[in-house]
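The values are calculated or read from the model by the stated rules, or taken from the named source; none is laboratory data. Remember, predicted model here, so these are calculated numbers, not experimental data. When we count neighbours, we look across all protein chains shown, and the Cβ atoms used for this are built from the backbone with ideal geometry, even at glycine. Keep in mind that these areas ignore ligands, DNA and RNA; they rest on the heavy atoms of the full protein, side chains included. Shrake-Rupley method; radii C 1.70, N 1.55, O 1.52, S 1.80 Å.
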Amino acid sequence: VRDTFREETRSLPPEASRLVGLSRPLTLQPRTTYQALLYSDLPWADVTLSDGTTHTLDYPTYSRLLGSENAADRRLVRESYRTSLASYRNTFAALMNSEIQSQHFLARARHFKNALEARFLSDNLDPAVLTLTVEMAREHLPVYHRYLELKKRLVGLEPFRVSDLFAPARRVTERTYTFQEARTAVQASLEVLGEEYSEGVSRAFEDRWFDVYPAENKRGFGGVTQVYGLHPYILLNFTGTYRDVNVVTHELGHAIQFWLIDRHQPCVNSSTSSFLFEMAAHFNEHLLVDHLLEEEEDRRVRLFILTRHLESLTAALFGQARLAEFEHDMHLRVEGGGTLDADWLTERYLELSREYQGHDQGLVIVDEIEGFGWIGIDQLFTSYYVVNYASGMVAALAFKDMVDTQETAGVERYVEFLRSGGTDDPLVLLEQAGVDLTNPETYRAAFRQFEALVAELE
């Protein structure tokens, strides 16, 4: 009811509202077409590696081969995958332009100044969250660069390219996992969250909420679909890497949050803000790495787990902040009357990648082909969603500190936050749980935790 009155100024006359509603199937087409092209119709490149084997670079295969021990193979895989996407760059750019134009149209039609205001004010969010996410990431780039320098030492390569960020480190012992081993580790790591949470985790595995393994024409990555009154459905592409185990617990974070909301809230409060989605998923990652490090005695395996965890942290705290800045730049260009053509998208993406990854300082060589990295990022087709990953990691680190220091009281406070669903505005729910994402110190505290892990790896 409160939201209805708050949005009164955005309401449209009946005929205008009808026309905006009729436009909705059209504004959904850019993403629908993009997904059909990316996941079904795009012809993937075949690559022949140094061992003579030939592979078709769909996303799961590409992700797996990026971890090859051979630097030339990694670079070939990276460049071939990017080239496959880049061969359709003008089509992808047209779809991206149409998507951002659609978001701009819907925002203006509903009397918002721009898509940023439409995305944040519709959930009563403070746009300062986006600003802080980018500003705090840039403020802490020296810490990120310290990590990159350490990664170079671990891999032992010079020159050091983006493809080498995925290389196995020296003096570490990599581990692979069966799905049953992943289940055992994930369940054990989540027991700290209490009986109800553990019950949901057990149901997820026993009742087969998961679609586990890669398949032809199956969408890449992972994901969760919420179905009120039933149970969540969890998408995986499990191949046995540590990253895949991390994805299991990440997606379970989403699923159990939805399951708890379904259990404790009526349907009207079941649709929580997407801004809150990634916090529970990231939080689970921290619990998993704590458990694996506690259980593992082999120093080389522990080093491997810590490096992989830091890769996940940097991807969220810095990689997603970079994407949030890139997405905001796209909106500013369209709102200023410009067009998102392939050249502008590629040049801007390359520029940001080089700034964040220390190209000019000689830390990481960001080759020209990396400019096509904007292609293949599904989340850019959901208005201002990528910021959720970065701010969600900051919140997850705050919750992790709360659980570590307050123990049972911290756990109950966190689980109650998960149960709350859409009972209040997102920032209000976070503040009630003890996390203020409008305060720069919340971000700095998160980056201090990141820096402590870098120091531990050193």
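Figures for the structure shown
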| quantity | calculated |
| --- | --- |
| The one condition in (1) modelled with pLDDT under 95; (2) surrounded by 14 or more Cβ atoms within 10 Å (Cβ to Cβ); (3) charged (D, E, K, R); (4) out of contact with any Leu (no Cβ under 9 Å at 6 or more places or on another chain) that Glu416 fails to fulfil | (1) |
| Matching entry among Ser202, Ser189, Ser198 (being closer than 17 Å to Phe258 by Cα and touching an Asp or Glu at 6+ places or on another chain (Cβ under 8 Å)) | Ser198 |
| Flag for Val411 being modelled with pLDDT of 95 or more, more than 19 Å from Glu117 (Cα to Cα), in contact with a Phe, Trp or Tyr (Cβ under 9 Å, 6 or more places away or on another chain) and open to solvent by 10 Å² or more (accessible area, probe 1.4 Å) | yes |
| Test set (1) in contact with a strand residue (DSSP E or B) (Cβ under 7 Å, 6 or more places away or on another chain); (2) open to solvent by less than 30 Å² (accessible area, probe 1.4 Å) - Ala86 fails condition number | (1) |
| Single match in Arg119, Arg108, Arg78, Arg74 (criterion: out of contact with any helix residue (DSSP H, G or I) (no Cβ under 7 Å at 6 or more places or on another chain) and open to solvent by less than 50 Å² (accessible area, probe 1.4 Å)) | Arg119 |
| Single residue of Gly200, Gly222 found to be touching a helix residue (DSSP H, G or I) at 6+ places or on another chain (Cβ under 7 Å), surrounded by 15 or more Cβ atoms within 10 Å (Cβ to Cβ) and over 30 Å from Ala445 (Cα atoms) | Gly200 |
| Pairs, first among the acidic types (Asp, Glu) in segment 146-173, second assigned to a helix (DSSP H, G or I) and open to solvent by less than 20 Å² (accessible area, probe 1.4 Å), C-beta under 7 Å, six or more apart | Asp164/Arg74; Asp164/Val155 |
| Total residues in segment 161-176, condition under 19 Å from Arg299 (Cβ atoms) and buried (at least 16 other Cβ atoms within 10 Å of the Cβ) | 4 |
| Count of residues meeting criterion [open to solvent by 10 Å² or more (accessible area, probe 1.4 Å), part of a helix (DSSP H, G or I) and not charged (D, E, K, R)] in segment 251-275 | 8 |
| Those helices (runs of 4 or more DSSP H) lying entirely in segment 98-210 with at least 2 residues among the aromatic types (Phe, Trp, Tyr) | 141-155, 195-206 |
| Top-ranked residue of segment 424-435 - restricted to ones that are over 18 Å from His254 (Cβ atoms) and in a helix (DSSP H, G or I), ranked as least open to solvent (accessible area, probe 1.4 Å) | Leu427 |
| Selection status of Glu451, in contact with a Lys or Arg (Cβ under 9 Å, 6 or more places away or on another chain), open to solvent by 50 Å² or more (accessible area, probe 1.4 Å) and closer than 22 Å to Arg308 by Cβ | yes |
| Only listed residue being of a type in the set (A, V, I, L, M), in contact (Cβ under 8 Å) with a residue 40 or more places away in the chain, more than 17 Å from Leu310 (Cα to Cα) and touching an Asp or Glu at 6+ places or on another chain (Cβ under 7 Å), chosen from Ile377, Ile369 | Ile369 |
| Near pairs, Cβ below 8 angstrom, 6+ apart or cross-chain, from segment 183-204 (within 15 Å of Ala281 (Cα to Cα)) to any residue that is among the hydroxyl-bearing types (Ser, Thr, Tyr) | Val186/Thr249; Gln187/Ser198; Gln187/Ser202; Ser189/Thr249; Leu190/Tyr197; Leu190/Ser198; Leu190/Thr249; Leu193/Tyr414 |
| One residue from Leu236, Leu293 being at pLDDT 95 or above and among the hydrophobic types (A, V, I, L, M, F, W, C) | Leu236 |
| Conditions (1) over 30 Å from Met402 (Cα atoms); (2) open to solvent by 70 Å² or more (accessible area, probe 1.4 Å); (3) over 22 Å from the mean Cα position of the chain (by Cα): number failed by Asp211 | (3) |
| Subset of segment 40-60 (residues that are under 16 Å from Thr83 (Cα atoms) and assigned to a helix (DSSP H, G or I)) | Asp41, Tyr59 |
| Residue tally, condition open to solvent by less than 20 Å² (accessible area, probe 1.4 Å) and either over 20 Å from Gly67 (Cβ atoms) or among the β-branched types (Val, Ile, Thr) (or both), over segment 145-160 | 1 |
| Residues located in segment 276-288, provided they are surrounded by fewer than 22 Cβ atoms within 10 Å (Cβ to Cβ) and either in contact with a Ser or Thr (Cβ under 9 Å, 6 or more places away or on another chain) or of a type in the set (Gly, Ala, Ser) (or both) | Leu287 |
| Residue in segment 403-423 that is of a type in the set (Lys, Arg), in a helix (DSSP H, G or I), in contact with a helix residue (DSSP H, G or I) (Cβ under 9 Å, 6 or more places away or on another chain) and farther than 26 Å from Phe221 by Cβ present | yes |
| Qualifying residue in segment 68-87 (condition: among the charged types (D, E, K, R), touching a residue at least 40 places away in the same chain (Cβ under 8 Å) and in a loop (DSSP other than H, G, I, E, B)) | yes |
